[in-house]
Amino acid sequence: MNIQEILALVKRPGRYIGREKNAWCKPWEKALGRICCIFPDLYEIGMSHQGLLILYDIINRTDYLLADRCYCPDKDLENLLRENRLPLTSLESKRPLDEFDILAITLPYELCYTNILTMLSLCGIPLWNRERSGLRWPIVLGGGSCCLNPEPVADFFDAILIGDGEEALPEIASVVVNAKTRKTSKIALLKRLSTIRGLYIPAFYKPIYFAGKVFGGMKAMHGAPTRVKRRIVPELSADMEIQAPLVPNIRTVHDRLGIEIARGCTRGCRYCQATTIYRPVREKSVGQIMASARAGFKATGWEEISLLSLSTGDYSAIGGLITRFMDEFVPRNCSVSLPSLRVGTLTPEIMDQIIKIRKTGITLAPEAGSERLRRVINKGITEEALMETARQAFERGWKKIKLYFMIGLPSETYEDVLEIVELVKRVREQARFAKRPRGGVQVTASIGTFVPKPETPFQWEKQIGIEEARKRLGMIKRGLRGKAYRVKWHDPRQSFLEGVFSRGNRHLSMLVHKAWTMGARLDAWTDNLRIETFQEAAETLGIDLSSYLSEMGQDDILYWDHIDSGIKKSFLRLEKRRALKASYTPDCRYNDCQGCGVCDFKTTKNVLKGQQGKVHTKSSASATDWTQGQEAFFYRVEYEKLFDARFIGHLDMVRMFHRAIRRAGLPVSYSKGFHPMPRVSFENPIPLGMESMREHFIMELRKTMDPGVLCRRLQEEMIPGIGIKNVAACGKGERLLPAPVQTYWIMLPVKHAQIEASVGHFMSLSTMMVEISRKKKRIKTDIRKAVRELRFASREEPPLSWIKAAGEQFQGRETSMVELVLEQCSPTGLRPRDILFRALSLDERTILLSRCLKA
């Protein structure tokens, strides 16, 4: 069995086909260095990760380098790959991972660690760095937000990048290419890599323990620095922008165009590790942001642009930036979202801008219920400001507000927990002071458990256990009952494991490996998490998981002290003392330097570019109503859907065509409302996995265009497997009706003799009543009445290209070709699969493996 057959058997096969719009496909043979950018979670999550996509683009713009991508397979694909002894391959080049020179693995969160082992093992790559001697194997490189304490996975990596990767990754690639060209030893290569700023070589650091138990720090060897300093890009220059963002084949978690407007945050929330990882603040100019958005919109056709930053509202010219976006993109029916806004930055003026295009909901993060506890964590927002923001939102017609909170914060009491309940209720009461939207309003409380993170003022604090977290969650859920409230929460079991790995040591690499061998997979997904697996593995290894959640002494040597984030430990101690006094530390962007230690005030410093130049702050833009006073022109588009494109579902195809129409610059008409959609109507969808020579949709344009020009411009925006065959003008109100008779060619992975009798028997019948499932209902229908013809077909009848592709899938195995002619009058919408399953008595697996082409 090959990968084409396997994809027919898995859920959401569109995750694995690659060749998305704007994907790089550089010649493998011409590249001197080949890097696979790996995200150790599912495609839907990884395609929303901006950092990986930036590095993928930068590497591919380097002439002698090639970058490819790979995402963690779901469990069904992993099992099939193992059963059939097939390797995990990259998306563009379809090469096994062990053929690359560097595997650049993102470490976005702790619960993806077991997925790293899954991906390495599927290509036969040794899991432990000590087992990958010589240059036979790729350099396994880590990077990302978990790297401030890389120790729990350090033994799996050859090198780990601490900090920003835009400048460092090309340097690393150059060193690796030179070493492989000169055929130097692995140890010589690692020594050379250790001289690159920000690069940590785990094999060059030995943990020291006194009396076998008390950690005494790391011993640096082979000339490696005592502490590895975080790599910081001083400025976000235009050459670090993604030139043409990828457009996913399927819907992703953040299905929109992301534009980074700034990196870093100096608000100084004491629980937040991101304020350490990304300091100092580096803003892009308004002009650079607008240029990036224009290029991204043109290259992708996305219907939404998201302005990305740790705190978007803190951008120094956010009001003017939003105005510019509204003026330019709202008339194109492209909405603008601000995913991370603080109370105080979400002003009435910004609300007035956001409301012009969409009004879904507002998210705010008080983090704590009581004023005292917000001062402890240095949140810097008052209840008065929160209530005013809520009232302004309700006044403008918003119906939903989401509030983020944490439980288990240092010094939190049960009274503080109950204050969350009361605060949510007071937010909901603000609707009474505004014109209440129809249908009422709802406030959602989203609750997470505090996890003490390395390099934060709370890194020494203890973490509450699973049962205590459940107790506090129960207090909140009991207090917020009824339709006016909704409570969501992060699973305390996941928070427990996050806490263990967040402050763990190298002993935990054995835990990760043991839990993985016992079946731990995709642990960040609640449905997959089995904490018992980790507990059993820990018990086997003699590891006390709860010990990693205990309070640490401020004078203790910490497992991550050899990593230099740039933040002084003395500053973190000072911030902890201020927390105990509930004392506020101001933001150094707008106040005096607080002495954290990151800036040298030469190359590394806060860069506030937003205020450069004059920026207007008023906008009269609104979504263009193309339905008023505009003549409409209708065009019928015929297209084919073949080969790998058969693994893209109907709804994803609809989104793909909507974006292709925008990229082509066609003057399409839009629907009314807060969520305007292109006026494009499709005929009934074909099942996932089926190919078709003729599918159709009708689009409504505001201007008349030459059908040949339309056909060419649309074809230029298609992905492989989708071909625009014809465009013709049509009349208003023309409907896409199914043909009265539809022919299908089906190649089955069974011998001719195996089904010959079944075909003859079925055609000899006058009736065959069966039950089929439709929309969770069981319906009785006569499938024989719906079939005009079922016969064996010649291989010369279907298109040669399809026969060739299907033959390659089955790789010389004996197959049968049948022609099915189906009457389209059946009210139950019979599919070829329904007929073959019952008429030929074939099992479901065989049906799924077959290739079906709609003529």
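List of remarks:
- Label zone of Glu304 (point 7 Å out along Cα→Cβ, amide N under 13 Å): in the stretch 664-679 this covers 675-676.
- Estimated vicinal HN-Hα couplings, Hz - the stretch 727-739 in sequence order (Karplus 6.51, -1.76, 1.60; Gly, Pro = x): 10, 9, 5, 9, x, 5, x, 5, 9, 9, 9, x, 5
- The charge dipole of the stretch 129-249, taken about its Cα centre with unit charges on the Cβ atoms of Lys, Arg (+1), Asp and Glu (-1) only, comes to about 860 debye.
- Note on Cys25 and Met518: their simple-model spin labels are 4.5 nm apart, each label 7 Å out from Cα toward Cβ.
- Candidate lysines for bridging to Lys94, where Cα separation is under 27 Å - those fewer than 8 sequence places away on the same chain excluded: Lys11, Lys21, Lys26, Lys30, Lys75, Lys180, Lys183, Lys186, Lys641, Lys804
- Simple spin-label estimate for Glu83 and Phe792 gives 2.9 nm between the two label positions (7 Å along the Cα-to-Cβ direction from each Cα).
- Paramagnetic reach from Gln594 in the stretch 365-385 [backbone N under 13 Å; point 7 Å along Cα→Cβ]: 375-381
- Listed by chain and number, the lysines whose alpha-carbon sits under 20 Å from that of Lys602, ignoring those within fewer than 8 places in the same chain, are Lys229, Lys284, Lys568.
- The distance separating the Cα centre of the stretch 531-551 from that of the stretch 254-318 comes to 38 Å.
- Estimated distance in nm for a label pair at Arg192 and Met475, the labels positioned 7 Å out from Cα along Cα-to-Cβ: 5.9
- Charge context of Asn606, other residues only, Cβ under 14 angstrom, K/R +1, D/E -1: +3
- Applying 1/(1 + (r/R0)^6) with r as the Cβ-Cβ distance of Arg372 and Ser547 and R0 = 41 angstrom yields a FRET efficiency of 0.85.
- Among residues other than Phe792 with Cβ under 9 Å from its Cβ, the summed charge is -1 (Lys and Arg +1, Asp and Glu -1).
- Residues in the chain average 42 Å² of solvent-accessible surface per residue, probe 1.4 Å, ligands and nucleic acids excluded.
- Taking 0.36 nm per residue of separation and subtracting the current Cα-Cα distance, fully stretching the chain between Ala757 and Tyr209 would add 189.8 nm.
- If R0 equals 25 Å, the separation of the Cβ atoms of Arg486 and Lys776 corresponds to a calculated FRET efficiency of about 0.45.
- Look at the Cα gyration tensor of the stretch 1-121: its axes a ≥ b ≥ c give a/c of at least 1.5 with a/b over b/c, and that counts as prolate.
- Signed unit charges on C-beta, dipole axis of the stretch 395-479, positive-most listed residue Ile401, Ile464, Leu418: Ile401
- Antiparallel %, DSSP beta bridges [both residues in the chain], to 5: 55
- Zone of Arg426's modelled label, taken as backbone nitrogen in the stretch 382-416 under 12 Å from a point 7 Å along Cα→Cβ: 382-388
- Taking the protein heavy atoms of the chain in the context of the full set of protein chains, the accessible area attributed to carbon and sulfur is 51 percent at 1.4 Å.
- Set of lysines near Lys213 by C-alpha distance (under 25 Å), chain-local residues within fewer than 8 positions excluded: Lys453, Lys462, Lys514, Lys569
- Simple rule: put +1 on each Lys or Arg Cβ and -1 on each Asp or Glu Cβ in the stretch 100-231, find the dipole, and look at Ala173, His222, Ile102; the Cα lying farthest toward the positive end is His222.
- Given their separation in residues at 0.36 nm each and the Cα-Cα distance between them, Val821 and Glu468 gain 120.7 nm when the chain is fully extended.
- Coil-residue chymotrypsin sites (Phe, Trp or Tyr not before Pro) of the stretch 1-38, DSSP, other Cβ within 10 Å capped at 11: none
- Separation of the stretch 15-57 from the stretch 775-846 is 36 Å, based on Cα centroids.
- Separation of alpha-carbon centers, the stretch 736-753 and the stretch 335-413, rounded to whole Å: 56
- Computed E for Arg182/Arg130 - FRET, C-beta separation, R0 25 angstrom, nearest 0.05: 0.60
The values are calculated or read from the model by the stated rules, or taken from the named source; none is laboratory data. Keep in mind it's a predicted model, so treat the numbers as computed, not measured. Glycine gets a Cβ as well: all are built from the backbone with ideal geometry, and neighbour counts include every protein chain shown. Calculation scope for accessible area: heavy atoms of the full protein, side chains included, ligands and nucleic acids excluded. Shrake-Rupley method; radii C 1.70, N 1.55, O 1.52, S 1.80 Å.
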